[in-house]
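Novice: This is the structure I have questions about; it appears just below.
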Amino acid sequence: MPNTNDINLPDMSQLSACGVDFIDELYFESLLKQKPDAGKINEIIAKSKNKEPLKIDETAMLLSADDPETIERIFETARQLKRDVYGNRIVLFAPFYVGNYCMNDCAYCGFRRSNRESIRKTLTVDELHEQVTNLLRMGHKRTIMVFGEHINYGPVFIANCVKEVYSVRFGLDSIRRVNINAAPLSHEGYRLVKAAGIGTYQVFQETYHRPTYARMHPAGTRKSNFAWRLDSPARAIESGCDDVGLGALFGLANWKFEVLSLVAHSNHLMKSYGVGPHTISFPRIRPASGVTLREVIENNVADADFLRLIAILRLSVPYTGLIVTAREPAEIRKIALGFGVSQVDAGSHIEIGGYENIDKDEIKDVQVQALEREQFELGDVRPLDEVVLQLLNDGYVPSFCTACYRLGRTGKVFMEYAIPGFIQNMCTPNALTTLKEYLVDHASPATRAAGEKVLKEELDKFQDTPKKSELLKRIERINNSNDRDLYW
Ligand code: SAM
Ligand code: SF4
């Protein structure tokens, strides 16, 4: 029997086959000193419009652009790419925190072991079922389970939690895609969680800047091993978890360095395995219980720079989903959706056991009382229905689709599908059927009315083909029967 409880110190003989030396600080810093060159920037923008991924020196050149006119052209290109590659769909999900015991001591996190204010808890199986039921009651179909790094949360535990989530039924609903955000595992650990049916494996490097990483993660803790963490997406891919999510925690090191590193990481995976990351996240540090922000935010990222970094990532990795979480306030999320972001969480609670069966007006009060159980404070605490309504009013199609993962369109196969046209032909119909399910089963009257209007407008855009007839039939079936989960 392999050692499945691999939560002790990392075994550095178990790294991936592809090496961890792709973050070259001196080279990246030299690239970031370049002066903007208008001719080169024009060529790079043209390349991006052609949906070609950028090399890191090209990303660095975009990062050097500092005049308002060029920055606006970058935003405009990002808007165009977003429309061309992703259409107007926005995928919705909810985070699901299972346990906040942690043996690490990350300076920025409310769950770190030295934080005595934190109330520690791991959900029991019954509590997990209750939480999932409440997620389903809201209308969610996709969740990302989040764990501290602890001896209790080894791969066997994580795999069992994933299976439990899939087993819960509420009315006509079940969770259709479970992603995980968990500390690095060994190959064997990844194989176990993959066998349990995870969608994406997400892990954030936090910072790619080694000296900053060392300051934030005290020596002697498992997380202090930079290389073990940097290598973890590669090990996950080698073990069959081919949808991986990368991320950096913005505010720790220079934001331009982190963007360059995320692109380098993405290109490294693409070169080594023929598949880039499925998603990239770029959380900014939020206030957290027991955390003194001025001690950890050494490089504050202003809103204008935050939006710039999202647009530059959009241009650099055109086929990678970009996620902006409820850490950000609603106003920033709204702007970010326009030029790059394709996934958002909504109605989120990040305290352990935070999804309660309560009505909407109570949600904010519960949120305030929950700080000691949270990892950090959220910036957008609107309920799911309110977020769906705003998306509809802003001309988006909120999507609860989970089809690709379930039909084996993951990793390299997903990349091949994610060519222009596919997303519009498969994803838009799937988005519309899942939206219809939400409207019939969960929406408030105002959201239902707005949603039916958007549905009609979207259907009118389809040409009269057999696909459209089938789509119309499916929407009717959802309206008039208990048929659900119809996907291409
Ligand atoms: N323990 C796992 C690990 O370290 O990978 C799960 C991570 S944690 C529960 C999820 C992510 O939240 C972290 O990787 C970090 O980037 C982010 N995070 C931690 N503290 C934060 C804060 N104060 N504000 C915003 N994000 C934070
Ligand atoms: Fe633990 Fe993860 Fe928080 Fe670090 S970020 S203290 S590893 S939960």
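Novice: Just checking the chain: which Cys have no other cysteine's beta-carbon under 4.7 Å?
Specialist: CYS18, CYS102, CYS161, CYS241, CYS401, CYS404, CYS427
Novice: Using the alpha-carbon centroid of each, what span in Å lies between region 273-328 and region 27-42?
Specialist: When both Cα centres are located, 22 Å separates them.
Novice: Roughly how many Å² is the accessible area per residue of the chain, as a whole number, for a 1.4 Å probe?
Specialist: 38
Novice: Report, as a whole number in µm² per second, the diffusion coefficient that Stokes-Einstein gives for region 412-480 at 25 °C and 0.890 mPa s using the Kirkwood radius over alpha carbon pairs.
Specialist: My calculation gives 189 µm²/s for D.
Novice: Ok, one more. How high is the relative contact order of the chain, in percent, counting Cα pairs under 8 Å that sit 6 or more residues apart?
Specialist: Contact order relative to length: 20 percent.
Novice: Add -39500 (n - 2.57) for each DSSP H run of 4 or more in the chain, then divide by its residues: what number comes out at 222 nm, to the nearest 500 deg cm²/dmol?
Specialist: The helix contribution divided over the chain gives -13500 deg cm²/dmol.
Novice: If you don't mind, another one. Can you pull the percent of region 162-254's accessible area that's carbon plus sulfur, 1.4 Å probe, other chains left in place?
Specialist: 53
Novice: Let me ask something additional. Just how many % of Cα pairs in the chain lie over 31 Å apart, if you round to the nearest whole percent?
Specialist: 41
Novice: Ok, one more. What full-extension length gain, to one decimal in nm, is calculated for ASN152 and ASP67 as 0.36 nm per residue of separation minus the Cα-Cα distance?
Specialist: Working it through step by step, the gained length comes to 25.5 nm.
Novice: Taking amide H positions as placed in the peptide plane 1.01 Å from N, state which residues far from ALA182 in sequence (5 or more) or on other chains have amide H under 5 Å from it.
Specialist: When sequence neighbours closer than 5 places are left aside, the close amide H contacts are GLN202.
Novice: How long is the gain from LEU472 to LEU293 if the chain were fully straight, where each residue apart is worth 0.36 nm and the alpha carbon distance is subtracted?
Specialist: Computed gain between LEU472 and LEU293 is 59.2 nm.
Novice: Further, regarding this structure: Name the shape class, rounded, prolate or oblate, that the alpha-carbon gyration tensor gives for region 83-128, where a ≥ b ≥ c are the square roots of its eigenvalues, rounded holds for a/c under 1.5, and otherwise prolate holds if a/b is larger than b/c and oblate otherwise.
Specialist: Oblate.
Novice: Please state the charge dipole magnitude for the chain, taken about the Cα centre, from unit charges on C-beta atoms (+1 on K and R, -1 on D and E), reported in debye and rounded to the nearest 20.
Specialist: Here the chain has a charge dipole of around 860 debye.
Novice: Note down the relative contact order for region 112-201 as a percent, whole number, built from C-alpha pairs under 8 angstrom at least six residues apart.
Specialist: So the answer I get is 33 percent.
Novice: List the residues whose amide H sits under 5 Å from the amide H of ILE90, counting only those 5 or more places along or on another chain, with H placed 1.01 Å from N in the peptide plane.
Specialist: Excluding prolines and chain starts, which carry no amide H, the hits are VAL397, SER399.
Novice: Label-point separation (nm) for SER481 and GLN14, each offset 7 Å from Cα along Cα-to-Cβ?
Specialist: 4.8
Novice: Holding the Cα-Cα limit at 23 Å, pick out from LYS223/LYS271; LYS271/LYS334; LYS141/LYS194; LYS334/LYS453; LYS121/LYS334 the pairs that are longer than that.
Specialist: Those over the limit are LYS223/LYS271; LYS271/LYS334; LYS121/LYS334.
Novice: Pop out the carbon and sulfur fraction of the accessible area of region 264-312 as a percent, whole number, probe 1.4 Å.
Specialist: 47
Novice: For ASP173, which sequence-distant residues (separation of 5 or more, or a different chain) have an amide H within less than 5 Å of its own amide H, given hydrogens modelled in the peptide plane?
Specialist: Amide H neighbours of ASP173: none.
Novice: Can you list the HN-Hα couplings for region 457-463, worked out from phi with the Karplus curve (6.51, -1.76, 1.60; θ = phi - 60°), rounded to whole Hz and with x for Gly and Pro?
Specialist: Result, ordered by residue: 4, 5, 5, 4, 6, 6, 6 Hz.
Novice: Given an 8 Å cut-off on Cα distances and at least 6 residues of separation, report the relative contact order of region 412-480 as a percent.
Specialist: RCO, region 412-480: 38 percent.
Novice: Got a sec to turn the phi values of region 104-113 into Karplus ³J(HN,Hα) couplings, 6.51 cos²θ - 1.76 cosθ + 1.60 with θ = phi - 60°, whole Hz, x for Gly and Pro?
Specialist: 8, 9, 4, 4, 9, 10, x, 8, 4, 5
Novice: Oh, and also: Could you please state how large a percent of the accessible area of region 412-480 is carbon and sulfur, counting protein chains only and using a 1.4 Å probe?
Specialist: 56
Novice: Also: Which ³J(HN,Hα) values in Hz, rounded to whole numbers, follow from the phi angles of region 471-486 under the Karplus curve 6.51 cos²θ - 1.76 cosθ + 1.60, where θ = phi - 60° and Gly and Pro get x?
Specialist: Along region 471-486, the couplings run 4, 4, 4, 5, 5, 5, 4, 5, 5, 10, 9, 8, 5, 9, 6, 9 Hz.
The values are calculated or read from the model by the stated rules, or taken from the named source; none is laboratory data. If you're wondering where the values come from, they're calculated on a predicted model, not measured in any experiment. Quick reminder, even Gly has a Cβ in these numbers, built from the backbone with ideal geometry, and neighbours come from all protein chains shown. Remember, those area values only see protein heavy atoms, side chains included, never the ligands or the DNA or RNA. Shrake-Rupley method; radii C 1.70, N 1.55, O 1.52, S 1.80 Å.
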